[in-house]
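Contents: one structure, followed by commentary.
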Amino acid sequence: MAAARELVSGVVEPTEGGFVVDFAAARLAGYFYWARYKRCWDSAAEIKAIRLFRLLDEHAPDRLDAQIRKKLGWGIEADSPLDAAHSAARYFEATQERWALDNAIDQFERSFAGPPAEDSEPHIDLQNYSVALSFRARLDHDADDQKRAVEIGLKAVALTPQEELRPFVLGNVVHSMLDLATVFGDRQHVDLAVRMARWTLTVAVDREEGLDMAHSHLGSALKARAQDTGSATDLDEAVEALAMAVKLSQTDDQPIAFRVTNFAETLGIRARNTGALDDLHVAVEIQRTAVELTPIQHKDFDNVQHVMISLLQQRFRLVP
């Protein structure tokens with residue numbers, strides 16, 4: 001074991017410049033990490049093992065034996081497509097490597113096409129499948145994937161025992177519904193998104209977890225419905241919910257800039273509808289915070305800047 005650790009740390013660990021590759025050492029290290037993952041359920045070891053196996057698969061495929069390929073579903077039918085799907089999904093979550101997302105979805109589909117696995121938990125499997133589809137839908141701008149994500153997510157919710165229901169389970173479905181409405185223009189899910197967002201908030205309060213996310217989803221759903229119906233009541237409630245989401249978010253949370261921008265944009269909509277300059281002044285000031293929180297290389301940077309410019313133009317037109 002000591003020798004394996006020396007190989008792992010000194011020969012094949014990834015660095016900023018890539019890998020210093022000794023394929024024999026990479027194979028040994030991959031098996032070492034895989035064994036540790038299986039023994040301790042160490043997810044970090046699993047990620048390292050798959051990274052090394054991927055390296056072998058790309059550059060020295062003859063060194064990757066059929067046993068590992070069958071575990072991961074690489075070029076050969078997996079022993080357990082469900083296990084392979086979850087491994088690929090965890091790897092994608094950690095690395096954002098696109099091949100892993102596609103492999104996860106493929107393995108989920110293979111699993112659900114056959115008889116249920118003996119140790120499967122269908123609600124958890126469906127939740128993860130739905131999340132993977134939703135993520136791919138956003139990457140590929142694919143409305144069909146997002147519709148499937150909603151359908152499968154609703155099945156997962158229906159199968160989840162009440163004592164295991166968590167706000168993030170419901171929140172993932174609400175997120176997919178809102179994407180359908182705001183990104184793809186499919187507004188038929190907006191009312192259902194509002195109802196599910198209220199349910200999410202109820203569960204979050206009961207569980208004392210995910211309150212920031214629940215308020216954010218409720219505010220976004222009410223905002224979307226207010227834009228469809230012109231309801232001032234929905235818009236007022238959306239402002240309150242989004243303000244609470246921002247208040248509950250930590251400044252180092254990944255979605256904080258999005259939540260501030262969403263709040264500012266909703267205040268701007270209300271100001272446009274009512275002529276309330278106080279709303280507009282607040283929107284401009286809090287959006288400055290979003291600009292400060294968003295690095296230039298961040299995927300949301302352009303949208304954050306766009307909302308800032310729009311709010312400033314709106315104030316220029318309205319303020320004498």
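The values are calculated or read from the model by the stated rules, or taken from the named source; none is laboratory data. Fair warning: this is a prediction, and the values are worked out from it, not measured in the lab. FYI the Cβ positions are ideal-geometry reconstructions off the backbone, even for glycines, and counts take in every protein chain you see.
For region 26-60, taking the residues that are among the charged types (D, E, K, R) and in contact with a Lys or Arg (Cβ under 6 Å, 6 or more places away or on another chain), the one that is surrounded by the most Cβ atoms within 10 Å (Cβ to Cβ) is identified as Arg27.
Inside region 151-179, can you point out the residues that are more than 21 Å from His215 (Cβ to Cβ) and not hydroxyl-bearing (Ser, Thr, Tyr)?
Listed by number, the residues that qualify are Glu151, Ile152, Leu154, Lys155, Ala156, Ala158, Leu159, Pro161, Gln162, Glu163, Glu164.
Of all residues in region 248-263, none satisfies being surrounded by 14 or more Cβ atoms within 10 Å (Cβ to Cβ) and more than 23 Å from the chain's Cα centre (by Cα). Just checking, does region 281-293 include any residue being under 16 Å from Leu211 (Cβ atoms) and under 21 Å from the mean Cα position of the chain (by Cα)? No, that holds for no residue.
Taken over region 78-135, residues that are over 22 Å from the mean Cα position of the chain (by Cα) and not in a helix (DSSP H, G or I) amount to 10. Going by the structure shown, is Ile296 outside any helix (DSSP H, G or I) and among the hydrophobic types (A, V, I, L, M, F, W, C)? Answer is yes for this residue.
Whenever a residue of region 39-56 is at pLDDT below 90, its partners that are outside any helix (DSSP H, G or I) and among the aliphatic types (A, V, I, L, M), lying with C-beta atoms within less than 6 angstrom and at least six residues away or across chains, give the pairs Leu56/Leu64. Restricting region 136-167 to residues that are not charged (D, E, K, R) and not in a helix (DSSP H, G or I), the residue that is surrounded by the most Cβ atoms within 10 Å (Cβ to Cβ) is Thr160. Of all the criteria given as (1) under 22 Å from Leu180 (Cβ atoms); (2) crowded, with 22+ Cβ neighbours inside 10 Å; (3) at pLDDT 95 or above, the one not satisfied by Glu237 is (2).
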